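First comes the structure, then the notes that go with it.
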Amino acid sequence: MYRIIDANLNRAKEGLRVCEDVCRFILDDKKNTREFKDIRHRLTHLISFLPVSQVIRYRDSDTDVGRMTTTAELRRKKIADIFYANSQRVKESIRVLEEFFKLGHPATAKDLKILRYKIYALEKKVTQQF
């Protein structure tokens, strides 16, 4: 289970950073840049009760069977494609975290769901700028 948490936390934070940077450097959108940054920090805080050493101990990226890049990742043509792909990645990853935290940390699962819905709304606002 820690491998799933580690992979999805990393995936979500990486995707949030890409979305944040698109808002910051491409769209010059201070408000939405800040919102993505706040969500990224909130996600980190929500999971902070888990010892980092415990989560990372089970990481096995060298032999991960799903590690290869898909051809769809190489077909992006516009900045909007990059933003959309990463916002999808974030929502999916947070959903996985939400499901697994239901097993012993329902309050964290509930907070993750709230965060996921914030991303739905933020994604809509940003995609209207492309």
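The values are calculated or read from the model by the stated rules, or taken from the named source; none is laboratory data. Bear in mind that the values here come from a model prediction, so they are computed numbers and not experimental data. Here the Cβ is made from the backbone with ideal geometry for all residues, glycine too, and neighbour counts use every protein chain on show. Side chains are part of the model used for accessible areas, which takes the heavy atoms of the whole protein and leaves out ligands, DNA and RNA. Shrake-Rupley method; radii C 1.70, N 1.55, O 1.52, S 1.80 Å.
Points worth noting:
- Of all residues in segment 15-26, those being surrounded by 15 or more Cβ atoms within 10 Å (Cβ to Cβ) and free of Cβ contacts under 8 Å to residues at least 24 places away in the same chain number 4.
- Exactly one residue out of Val22, Val18, Val52 is over 22 Å from Lys124 (Cα atoms) and among the β-branched types (Val, Ile, Thr), and it is Val52.
- For the residues Asp29, Asp38, the requirement of being of a type in the set (D, E, K, R), within 14 Å of Leu122 (Cα to Cα) and open to solvent by less than 30 Å² (accessible area, probe 1.4 Å) singles out Asp29.
- Top-ranked residue in segment 55-109 [being open to solvent by 90 Å² or more (accessible area, probe 1.4 Å) and within 14 Å of Glu123 (Cα to Cα); ranked as nearest to the chain's Cα centre (by Cα)]: Glu92
- If the condition is being more than 11 Å from the chain's Cα centre (by Cα), among the hydrophobic types (A, V, I, L, M, F, W, C) and more than 15 Å from Gln128 (Cα to Cα), then segment 26-50 contributes Leu46, Ile47, Phe49, Leu50.
- In segment 1-14, the residue that is nearest to Gln129 (Cα to Cα) out of those that are surrounded by fewer than 16 Cβ atoms within 10 Å (Cβ to Cβ) and over 11 Å from the mean Cα position of the chain (by Cα) is Ile4.
- Pairs meeting the criteria (first residue in segment 114-130 and within 20 Å of Phe25 (Cβ to Cβ) and open to solvent by 50 Å² or more (accessible area, probe 1.4 Å), second residue part of a helix (DSSP H, G or I) and hydrophobic (A, V, I, L, M, F, W, C), beta carbons under 8 Å, at least 6 apart or on different chains) are Thr127/Ala80; Thr127/Phe83; Phe130/Ile79; Phe130/Ala80; Phe130/Phe83.
- Residues (closer than 15 Å to Ile94 by Cβ and not polar (S, T, N, Q)) located in segment 1-17: Ile4, Ile5, Asp6, Ala7, Leu9, Arg11, Ala12, Lys13, Glu14, Gly15, Leu16, Arg17
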